[in-house]
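Encoded as C-alpha cells, the structure appears first; notes follow it.
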Amino acid sequence: MAMKILIPTDFSKKSHVAVDYAIAFGETIDATIVLFHIIDTYTPARARLGSRRIEEAIKKSAEDKMFRLTESIKKGSSKPIEISSCIRFGGSTQETLKKFVIDHEVDIIFVGTKGASGIEKVVLGSNAAAIIENS
C-alpha cells in the first residue's frame, strides 16, 4: 500500500520548498501525494465580504494555482508519481487539516515555514508549528 503524503500549500515560495522535499521523498518509495489548500473563512476581511461570487473567485484562483502546481510537479518529476489535490474552505487551518488527515489516513505531512521564531512566532503565530504540535 502506498504511503500517503500530505503537503499543505498556500502557493508561496516557502510552501514550494516543502513540495520539492516531499516529491523527492515520494519518488524513493511507493507514495501518493496530496496537495492541500485551505481557503481561510475566518479572516475578518473575508467575513465582511461574504459574497458568494467573491468566494467562487477565490476558489477559482486557488484551483488555477493548484492545477499549475500539479502540472509543474508532473513535468519536473523524474518518476511517475500519483498526485491528487484538495481545496477546502475552513476557519481554522489546524482543525481543517487535522480532520482531513484523520479522514484520509495520511501517513506523513510535509509543511513549509517562513521561519517565524522568537517574539515573531509568539505574536504572529505559525501554522507550521501548530501543524507539528497537532500531528
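The values are calculated or read from the model by the stated rules, or taken from the named source; none is laboratory data. What you see is a predicted model, and the numbers here were worked out from it, not measured in a lab. Here the Cβ is made from the backbone with ideal geometry for all residues, glycine too, and neighbour counts use every protein chain on show. To get the accessible areas, we keep the full protein, side chains included, count just its heavy atoms, and leave off ligands, DNA and RNA. Shrake-Rupley method; radii C 1.70, N 1.55, O 1.52, S 1.80 Å.
Computed values, structure above
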item	result
Condition met for T32 (in contact with a helix residue (DSSP H, G or I) (Cβ under 7 Å, 6 or more places away or on another chain) and in contact (Cβ under 8 Å) with a residue 40 or more places away in the chain)	no
Looking only at the range 70-96, and only at residues there that are of a type in the set (A, V, I, L, M, F, W, C) and in contact with a Ser or Thr (Cβ under 7 Å, 6 or more places away or on another chain), the one that is most open to solvent (accessible area, probe 1.4 Å)	F89
Evaluation of V101 against (1) part of a helix (DSSP H, G or I); (2) at pLDDT below 90; (3) not small (G, A, S) (one fails), failing number	(2)
K59 under 19 Å from V17 (Cα atoms) and either touching a residue at least 60 places away in the same chain (Cβ under 8 Å) or under 18 Å from the mean Cα position of the chain (by Cα) (or both)	no
Qualifying positions in the range 27-41 - out of contact with any strand residue (DSSP E or B) (no Cβ under 7 Å at 6 or more places or on another chain) and of a type in the set (S, T, N, Q)	T28
Condition met for I108 (under 17 Å from V17 (Cα atoms) and at pLDDT 80 or above)	yes
Residue ID - farthest from L69 (Cα to Cα), chosen from residues in the range 1-21 that are aliphatic (A, V, I, L, M) and part of a strand (DSSP E or B)	M3
Subset of the range 50-63 [surrounded by 11 or more Cβ atoms within 10 Å (Cβ to Cβ) and among the acidic types (D, E)]	E55, E63
